[in-house]
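Notes follow once the structure below has been shown.
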Amino acid sequence: MNAAVFARTGIRARATIGATPKRSGAYHWTNDNGKNIPFSTKNKPALAFGVTAYLGTGFALPFVAGYWQAYKAGRV
């Protein structure tokens, strides 16, 4: 059984070596600065607020969850 599996793997590998990936010409993204990310970097204060809110929420979430669990248990 193992020999058959290895033989099929070799055949598949040889078949894909010369294959070129199919690309669609309908999609083209420009590689401009700030155009390849899902948020704007033009307004620096808004960006700073958004990044701080995003990272601050992720940092505070375990502490809030721990406080909530202690509150439910009656230890706070």
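The values are calculated or read from the model by the stated rules, or taken from the named source; none is laboratory data. In this text, all values refer to a predicted model and were calculated from it rather than measured experimentally. Note that each Cβ is placed from the backbone with ideal geometry, even for glycine, and that neighbours are counted across all protein chains shown.
Results, tabulated for the structure shown:
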{"quantity": "Candidate set: the range 40-75, residues that are exposed (fewer than 10 other Cβ atoms within 10 Å of the Cβ) and in a loop (DSSP other than H, G, I, E, B); chosen: the one modelled with the highest pLDDT", "calculated": "Ala73"}
{"quantity": "Residue match in the range 14-27 (condition: assigned to a loop (DSSP other than H, G, I, E, B), modelled with pLDDT of 75 or more and of a type outside the set (Val, Ile, Thr))", "calculated": "no"}
